[in-house]
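Asker: Here you go, one structure.
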Amino acid sequence: MDNISQTEKNISIIYIISEQKDIRGMIKRALIKTADEKKITELSGIKALPSNFNSDTYIITEYNRMHIAAVSKITPKRNVKLYVYVNNIRDLNEHDVIFLIKHNIDHIIHSKNIAKLTYEKFIDAKIFKKKHYNAFIDKSSTLFEDLCHNNDDIAYAGINIYGISNHVESVIEKACKIAQSESSVLITGESGTGKELIARLIHNKSRRSMNPMVSVNCGAFPEGLLESELFGYKKGAFTGAFTDKPGRLDLADKSTLFLDEIGDMSLSLQVKLLRVIQEREIEPIGSLKTKKIDVRIISATNKNLEEMISKKLFREDFYYRINVIPVHILPLRERKTDIIILIYYFLKKFGDFQNNSVYGISEDAFGILLNYGWAGNVRELENLMEMLVVLNESGLIAAKDIPEKYKCASAAGHGQDARLGTKTGINIDINANKIKDFGIDLKKEMEKTEMDIINRAMKISGGIKEKAAKMLGLNRTTLIEKLKRYEKNKK
Ligand SMILES: Nc1ncnc2c1ncn2[C@@H]1O[C@H](COP(=O)(O)OP(=O)(O)OP(=O)(O)O)[C@@H](O)[C@H]1O
Ligand SMILES: [Mg+2]
C-alpha cells in the first residue's frame, strides 16, 4: 500500500496512525459517533499514508516526532486537518509544545477530551479559521484552544487557572481535596505565583462558599490598625471609635478568612490570633463579652517563615497552627509549559477585550518571553502582555515591542534556548559542519556575545557595576575583571 493516492474508490477521509492497536481503537470508537466507519482507515505507520488527498481529510497520529514531521509536510494543507494524540497532556514539556506549533498541528487530543472528539465537515467556518503565517502563537489557534482548556474540576468554581504542567495539576487537585476539610492552610510561593487564586479556589469549592471569602492584607496595615481590623471594636474603646465596628474575623463567620502576607504580622498580634484559632471565639477591642465564631483560616506568604522562626521574627506555635496543610506554588520559570499557555491566554484575554486587532506574537518575541526569569511570576507576565496588546499597532507583537529589560535578562541565561532564536547577538546552531563552513571562531563569538550582554546590563543599571553584576548573577569583581579585559582587547 505504498504511497497510494486518494481516488474515488478510496473514500477514506480519516486516517488514524499509531503503532498501538488499542490507541487506534480508542480514537476510532470516539469518532464513529459522528463519522461513517467506512471512511476511517487505521495505519500502524506513515508509510501507507497517501501523499495527496482529494477530499477533506483528518489525519490523527499518536505523539511520535517522526510521524508528526512527516504528516506536517503533506500538501495541500488546506483540506487536511492534523491531530495529535497524547495520553496525558501533562506529559508534554515546552519543547514538545514548540514542536507541535512548528509543525502546524491543528488539534491535540488526550484521554480527557477524547470523548468530545467529533468529525465535522470542512464547511464548518471554525475549521477554516485563517492562520497568520508570521504568528508563532496565533490568537485563533485551535491547537491552543485545546491546550488552554480550563480544568473541568475548577470550571464550575468560577476560577480561571491555566497551565498544563504537572505542578499546576497537582496544586489544583490538592486544593480541591483541602476544600472538603476544615483545616488551616498555608500557601507559600514567590510574589505573583497565584496564591490568592488558590485560596479562592479552596474557598469556592468548600461548603463555606455560600458566604464571601474575607481577605486581609496583613502587610497593608500598621500593627494597631490591623488588630482593630481583625477583631473590631466597641464604641468608645479608644479615641476616634465613634461607633461599634465589626472585625473581619466576625465578618468571616461561617466563611473563610484569607490572611495575606502573614509574614508581616507582628509577634504580639500572632499571640492574639493564636488564641482565637484555639478557642474559636473573639473579643472585640473594648468589649467585655466574647463571641463564638466559625471561621476557616487560609494564610499566604512569600516569606520563608521557618527562617523567620529561627531568627525569632515569627512564632513557632502560631506557625504550626496556621500551617496544618501546606501548599507551595512553584515559580513560573520552573514550569515553562505554563509560560507558553499563559502567553496565549493573556494574548486572547487582552486581545479580545482591549485591542481586537492583535492577532498574534512572533517567534522572536515568544523566545524572549519564554526565557525571561519572571521574578514577578504570573502577575508580571500578565501586566507585560496587557501592555504589549494595548500598545500594539501592527497586529503582531514582535521582539522590537518588548522592553529591553526583558531581552537582556533573557539573554543573560535564565535557561536560554538557542534553538528559539533569542537575540543573543549570535544564533548558535550546534552543527559542526556549519561552524566549519562559515569559519566561525567560537571563542571570539562567545566573548562578543558576553560583552554585548554586559554592555546592556551596564546601560540598564545606569553604569552602576554592583547593580549590573547582580543582574547578571556575577560577583562585582568578576564583572570588573571582564570589563578590564574587554577594554584591553578593544585597544
Ligand atoms: N495559573 C494561572 N492562570 C491564570 N492566571 C493566573 C494564574 N496564576 C496567577 N494568575 C493571575 O496572576 C495574578 C497574580 O495572582 P495572585 O494575586 O493570586 O498571586 P499572589 O501569589 O497572591 O501574589 P502576591 O504574592 O503578590 O500577593 C492574578 O491576576 C491572577 O489571576
Ligand atoms: Mg496575593
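Asker: Roughly what % of Cα-Cα distances in region 285-367 sit above 15 Å, to the whole percent? Please list the in-between numbers first.
Answerer: Values: 2572 of 3403 pairs.
Every Cα pair in region 285-367 considered, those over 15 Å come to 76 percent.
Asker: Expressed as cubic angstrom per residue, what is the convex hull volume of the alpha carbon set of region 251-318?
Answerer: 90 Å³
Asker: What Rg and what Dmax come out for the chain when only alpha-carbon atoms are used, in angstroms?
Answerer: When restricted to the Cα atoms of the chain, Rg and Dmax are 28.3, 93 Å.
Asker: For the chain, calculate the relative contact order in percent as a whole number, restricting contacts to Cα pairs under 8 Å that are 6 or more residues apart.
Answerer: Once normalised by length, the contact order is 12 percent.
Asker: What does the net charge come to around residue 223 if you take all other residues with beta carbon closer than 13 Å to its beta carbon, with K and R at +1 and D and E at -1?
Answerer: With Lys, Arg at +1 and Asp, Glu at -1, the neighbours total -2.
Asker: Moving on to the next point. How long are the semi-axes of the equivalent ellipsoid of region 166-332, taking √(5λ) for every eigenvalue λ of the Cα gyration tensor, in whole Å from largest down?
Answerer: For region 166-332, the ellipsoid semi-axes come out as 27, 19, 13 Å.
Asker: Work out from phi, with θ = phi - 60° and the Karplus expression 6.51 cos²θ - 1.76 cosθ + 1.60, the ³J(HN,Hα) of each residue of region 311-317, listed in order in whole Hz, and give x for Gly and Pro.
Answerer: Residue by residue, region 311-317 yields 9, 6, 9, 9, 7, 5, 4 Hz.
Asker: Under unit Cβ charges (Lys, Arg +1; Asp, Glu -1), what dipole magnitude, rounded to 20 debye, does region 14-128 have relative to its Cα centre?
Answerer: That gives a dipole near 180 debye.
Asker: A further question follows. What size of dipole, in debye to the nearest 20, comes out for the chain about its Cα centre when the only charges are +1 on Lys and Arg C-beta atoms and -1 on Asp and Glu C-beta atoms?
Answerer: About 560 debye.
Asker: Show me 179-186, 82-89 ranked by packing, highest mean number of other Cβ atoms within 10 Å first.
Answerer: Going by the mean number of other Cβ atoms within 10 Å, highest first, we get 82-89, 179-186.
Asker: Residues with amide H under 5 Å of residue 241's amide H, sequence separation 5 or more or different chain, H placed in the peptide plane at 1.01 Å from N; which?
Answerer: Hits under the 5 Å cutoff: 236.
Asker: Counting every Cα pair in region 96-186, what percent are over 18 Å apart?
Answerer: 58 percent
Asker: Follow-up. Once both axes come from the Cα atoms, what is the angle between helix 21-31 and the longest principal axis of the chain, in degrees from 0 to 90, rounded to 10?
Answerer: 80 degrees
Asker: What order do you get for 235, 121 when you list them from fewest to most C-beta neighbours inside 10 Å?
Answerer: By the 10 Å Cβ count, ascending, the order reads 121, 235.
Asker: Now for a different question. Taking the simple approach of a point 7 Å from Cα along Cα-to-Cβ for both residue 278 and residue 320, what is their distance in nm?
Answerer: Going by the 7 Å Cα→Cβ label model, 1.2 nm.
Asker: Which entries of 102/177; 116/407; 177/292; 139/400; 195/459; 303/407 have Cα-Cα distances beyond 30 Å here?
Answerer: From the list (102/177; 116/407; 177/292; 139/400; 195/459; 303/407), the Cα-Cα distance tops 30 Å for 102/177; 116/407; 195/459.
Asker: A further question on this structure: Mind listing the long-range amide H neighbours of residue 17? Cut-off is under 5 Å, sequence gap 5 or more, other chains count too, H placed in the peptide plane at 1.01 Å from N.
Answerer: 43, 60, 61, 62
Asker: A further question follows. Which whole-Hz ³J(HN,Hα) couplings does region 363-373 yield from phi under the Karplus relation 6.51 cos²θ - 1.76 cosθ + 1.60, θ = phi - 60°, glycine and proline marked x?
Answerer: Those phi angles translate into 5, 4, 5, 4, x, 5, 5, 5, 9, 6, x Hz.
Asker: What residues qualify as long-range amide H neighbours of residue 215, i.e. H under 5 Å apart, gap of 5 or more or another chain, H built at 1.01 Å from N?
Answerer: 258
Asker: Which is farthest toward the positive dipole end of the chain among 376, 63, 251, measuring Cα position about the Cα centre, with Cβ charges +1 (Lys, Arg) and -1 (Asp, Glu)?
Answerer: Of the listed residues, the answer is 376.
Asker: Using each residue's phi in region 140-154, evaluate 6.51 cos²θ - 1.76 cosθ + 1.60 at θ = phi - 60° and report the 3J(HN,Hα) Karplus result to the nearest Hz, with x for Gly and Pro.
Answerer: 9, 5, 6, 4, 5, 4, 5, 5, 8, 5, 5, 4, 4, 4, 10
Asker: Of 367, 464, 331, which is farthest along the charge dipole of the chain in the positive direction, counting Lys and Arg as +1 and Asp and Glu as -1 at C-beta?
Answerer: Farthest towards the positive pole: 464.
Asker: If you don't mind, there's one more thing I want to ask. Rounded to two decimals, what ratio of Rg to Rh does region 14-128 give with C-alpha atoms and a Kirkwood Rh?
Answerer: 0.92
Asker: Right, something else. Against the empirical 2.2 N^0.38 Å scaling, what ratio does the C-alpha Rg of region 442-491 come to?
Answerer: 1.08
Asker: For region 151-225 and region 250-328, compute the distance between their C-alpha centroids and round to whole Å.
Answerer: With region 151-225 and region 250-328 each reduced to a Cα centre, they are spaced 17 Å.
Asker: Say the dipole of the chain comes from +1 at the beta carbon of Lys and Arg and -1 at that of Asp and Glu; which of 135, 266, 318 then lies farthest toward its positive end?
Answerer: 135
Asker: Just want to confirm a number: the relative contact order over region 14-128, from Cα pairs under 8 angstrom separated by 6+ residues, in percent.
Answerer: 28 percent
Coordinate-derived values only; no laboratory data. Predicted model, so just to flag it, every value in this text is computed and none were measured. Using ideal geometry, Cβ is built from the backbone for each residue, glycine included, and neighbour counts are taken over all protein chains shown.
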